[in-house]
Amino acid sequence: MEEYKERHENDDEQYEYDEDGNIIWTWKKVIDPLPDIDHSQIDYPKFNKNFYEEHGDIKRLHYMEVVRLQNTLNLRIGGRETPRPVCSFAHFSFDKLLMEAIRKSEYEQPTPIQAM
């Protein structure tokens with residue numbers, strides 16, 4: 001600690017401090033940029049980004065039941081092969097810890113945006 005005080009006791013620089021008493025640094029450390037990478041030359045393994053697996057109850061819904069559910073939730077969906085809405089948090093297949101947190105928060109069902 002003494003060494004630090006001696007080293008900085010003659011500093012002429014005035015420091016500014018934020019509301020928490022931390023020094024606001026006026027300089028930034030120079031960081032060398034990373035080298036460019038040509039990703040077209042790298043053979044990456046195949047990766048499927050579609051993690052969602054439709055719950056069995058939702059798979060079994062008849063087309064008209066899906067349309068009725070979309071209308072009930074006031075959902076307007078366009079495109080091909082759109083996901084079917086869910087009507088329960090159980091349809092998401094969340095892990096036990098998350099489901100307990102949802103129950104504890106007393107949420108009864110997903111909001112329309114969550115249902116999609």
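Among the residues of the stretch 38-73 satisfying the criterion of being charged (D, E, K, R) and within 25 Å of the chain's Cα centre (by Cα), which is modelled with the lowest pLDDT?
Here the residue is 49.
If we scan the stretch 20-42, do we find a residue that is loosely packed, with under 10 Cβ neighbours inside 10 Å and touching a residue at least 24 places away in the same chain (Cβ under 8 Å)?
No; the residues of the stretch 20-42 include none that is loosely packed, with under 10 Cβ neighbours inside 10 Å and touching a residue at least 24 places away in the same chain (Cβ under 8 Å).
Could you check the stretch 79-116 and list, in sequence order, the residues that are of a type in the set (Ser, Thr, Tyr), under 16 Å from residue 61 (Cβ atoms) and at pLDDT 90 or above?
The answer is 88, and nothing else.
Out of all the residues in the stretch 43-71, which are of a type in the set (Val, Ile, Thr) and farther than 15 Å from residue 91 by Cβ?
Within the stretch 43-71, just 67 meets the criteria.
Among 53, 81, which is in a loop (DSSP other than H, G, I, E, B) and at positive phi?
Every option except 81 fails the conditions.
The values are calculated or read from the model by the stated rules, or taken from the named source; none is laboratory data. The shown structure was predicted, so the numbers you read here are calculated from the model rather than taken from an experiment. Cβ coordinates were reconstructed from backbone atoms using ideal geometry, including for glycine residues, and neighbour counts include every protein chain displayed.
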